[in-house]
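Heads up, the thing below is written out as structure tokens.
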Amino acid sequence: MDLPYLRDMNTMKKSLIVSLLLISSAGFLGISAKYFPGAHVYGFAQAVDSSVIETQNVQDTIAGWGPESQQLAAQMIKKYGNPQEITPSMIIWYNNGVWEKTVVYKQAMEHDFPVQHNDLLEQTIVYRLPIDHIADVTTFDGSLTFRRTSGELSSAGNSEAMNFLALNLANDIVTHNKTVVQARTEFTNDETSLIAHQQPDYALGLRFAVSPTDNADPDAPTM
């Protein structure tokens with residue numbers, strides 16, 4: 001038997017269920033928009049724009065850092081844009097400019113050559129450093145780090161200019177254009193110029209070509 005009032009009740013139930021689903025979805029989307037600014041809504045799906053999240057998070061991350069770290073972070077963001085990785089202790093860029101990687105650290109490492117400063121900015125290039133020159137390069141500057149297996153040479157300093165300077169002088173040592181003593185002397189002279197707000201050529205950029213090829217050296221098995 002077809003009873004009209006039963007049909008009406010079923011219709012009302014269906015309408016109520018749809019309304020509840022719409023209210024729930026709207027609430028979910030509202031929460032998503034509140035806690036994930038920059039999220040874009042496609043139907044009921046959420047596509048989070050990670051660069052927007054990153055921009056907001058980086059400011060929160062560096063808010064508790066020291067003034068020197070914050071200043072370096074701001075300089076790198078202005079020059080290279082948002083970092084690709086953020087942790088409580090560092091922010092990281094990959095393949096930015098001539099660099100394979102750039103890292104700004106929260107925690108400083110004190111370094112006294114050529115003048116007392118804090119190593120807070122580490123920048124890495126692809127570089128094959130001959131084994132017989134490793135000792136000379138690290139004797140020249142203790143903040144230069146070579147990773148033979150991955151073929152990467154890194155410089156840590158208090159500015160990008162200082163890192164350019166250190167890497168250019170290290171390359172001069174490798175190419176026999178300077179001795180360790182000569183490189184340390186020029187580093188001292190050029191850093192004096194930087195402090196005086198002058199820009200020596202060696203601090204303006206890399207003065208040698210960075211090989212785009214893989215410079216990794218996985219060594220050889222012995223067993």
Could you give me D for segment 85-223, from Stokes-Einstein at 10 °C and 1.306 mPa s, where the hydrodynamic radius is the Kirkwood radius over C-alpha pairs? Units µm² s⁻¹, please. 102
Note, segment 108-113: 3J(HN,Hα) by Karplus (6.51, -1.76, 1.60, θ = phi - 60°), whole Hz, Gly/Pro = x, goes 7, 10, 5, 9, 9, 10
Please work out how many pairs of lysine residues in segment 66-203 are eight or more positions apart (or on different chains) and have Cα atoms closer than 26 angstrom. 4
For segment 66-203, build the charge dipole from Cβ charges (+1 Lys, Arg; -1 Asp, Glu) around the Cα centre, then report which of Ala196, Gly66, Gly151 sits farthest towards its positive end. Gly151
Taking the highest mean first, how do the peptides 150-161, 71-82, 112-123 order by number of other beta carbon atoms within 10 angstrom per residue? 150-161, 112-123, 71-82
Highest average packing first - 201-210, 179-188, 164-173, Cβ atoms within 10 Å: 164-173, 179-188, 201-210
In the neighborhood of Val126, defined by Cβ-to-Cβ distances under 9 Å, what is the net charge if each Lys or Arg adds +1 and each Asp or Glu adds -1? -2
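Values in this text are rule-based calculations from the coordinates and carry no lab data. These numbers come from a predicted model, not from an experiment. As a convention, Cβ positions derive from the backbone with ideal geometry for all residues, glycine included, and neighbour counts pool all protein chains shown.
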